[in-house]
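Below: the structure, in structure tokens.
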Amino acid sequence: LAITTPCGTDSLIKSNYINVSFPVVAVTGASSICAGDSAVLTASGGSSYVWSNGATGSTITVNPSSLASYTVTGTDANGCTDTTTITVTINQLPLAAAGNDTTICEGETAMLIASGGSNYVWNTGSSTQGINVSPPITTSYTVVVSNGTCWDDDAAMVTVMSAPVIIPQSDITINIGSSTTLSGSGGGTYVWAPATGLS
């Protein structure tokens, strides 16, 4: 702009600057979950949000059954938008097995060997794959099997059978050449000793 005055001609330059800012939308939350779990995804950087699954608001909860991507578009107060995407992966659960149910007699020991994962924690406190147990009564043993952060559990029952209480017959005196009948009770099967002289 040129201005002419009695003193001559001068130039006046005026500049107007317009600052334009765009939102930068970001998403935080679990990008890897175990099968069956949910992920909470939270968007930031805008004033309002629209997600690819139709949800609105800054936070959504999703529970995909397989690999899934979620896109969110954020809009700021000036109507400008930005879009970002997060992918949620699914980690399969281990298939825990505590071993077979077993039956032991009082005082005996049972071995339980778990399988299905890479890490094992028993309700006894043991962190080994296999444990030896000698419970005084019938007891259930639970193991938590994990692969990373995903886990599963299983239980095995150890049934304890009480030892039989043998009730023998009282001492008997017989004459040489005579015979008598001996009997015992308290068990299911019997083995007598010595075998000599027994019919």
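Of the candidates VAL72, VAL88, the single residue that is in contact (Cβ under 8 Å) with a residue 24 or more places away in the chain and over 20 Å from the mean Cα position of the chain (by Cα) is VAL72.
Where residues in the range 73-91 are out of contact with any Phe, Trp or Tyr (no Cβ under 9 Å at 6 or more places or on another chain) and closer than 18 Å to THR28 by Cβ, which of them is least open to solvent (accessible area, probe 1.4 Å)? The selected residue is THR84.
Out of curiosity, is VAL165 touching a Gly at 6+ places or on another chain (Cβ under 7 Å), within 30 Å of LEU198 (Cβ to Cβ) and of a type in the set (A, V, I, L, M)? Judged against the criteria, VAL165 is a match.
Every listed requirement among (1) at pLDDT below 95; (2) open to solvent by 60 Å² or more (accessible area, probe 1.4 Å); (3) more than 30 Å from the chain's Cα centre (by Cα) is met by THR56 save one, (1). Among residues of the range 152-167 that are at negative phi and part of a loop (DSSP other than H, G, I, E, B), those with a beta-carbon under 9 Å from a residue that is at pLDDT below 90 and open to solvent by 90 Å² or more (accessible area, probe 1.4 Å) at least six positions away or on a different chain give the pairs ILE166/TYR190. Considered as a group, the residues in the range 120-169 that are modelled with pLDDT of 95 or more, open to solvent by 80 Å² or more (accessible area, probe 1.4 Å) and of a type in the set (S, T, N, Q) include one that is farthest from ASP101 (Cα to Cα), and that residue is SER127.
Within the range 56-67, residues that are free of Cβ contacts under 8 Å to residues at least 24 places away in the same chain reach partners that are open to solvent by 70 Å² or more (accessible area, probe 1.4 Å) and not in a loop (DSSP other than H, G, I, E, B) with beta carbons closer than 8 Å, at six or more positions or on different chains, in the pairs THR56/VAL50; THR59/VAL40; ILE60/VAL40; THR61/VAL40. Please find, within the range 30-53, the residue that is farthest from THR85 (Cα to Cα) out of those that are in a strand (DSSP E or B) and open to solvent by less than 40 Å² (accessible area, probe 1.4 Å). In this case the residue turns out to be CYS34. Within the range 33-53, restricting attention to residues that are free of Cβ contacts under 8 Å to residues at least 60 places away in the same chain and under 23 Å from GLY148 (Cβ atoms), which residue is farthest from the chain's Cα centre (by Cα)? Once the filter is applied, the top-ranked residue is LEU41. When ILE60, ILE90, ILE86 are checked against the criterion of being out of contact with any helix residue (DSSP H, G or I) (no Cβ under 9 Å at 6 or more places or on another chain), assigned to a strand (DSSP E or B) and under 30 Å from ALA114 (Cα atoms), a single residue qualifies: ILE90. Looking only at the range 93-115, residues that are at positive phi and either among the basic types (Lys, Arg) or not in a loop (DSSP other than H, G, I, E, B) (or both) come to 0 in all.
The values are calculated or read from the model by the stated rules, or taken from the named source; none is laboratory data. In this text the structure is predicted, and so the values were computed from the model without any measurement. For neighbour counting, all protein chains shown are included, and Cβ atoms are generated from backbone atoms with ideal geometry for every residue, glycine included. With ligands, DNA and RNA removed, areas are computed over all heavy atoms of the protein, side chains included. Shrake-Rupley method; radii C 1.70, N 1.55, O 1.52, S 1.80 Å.
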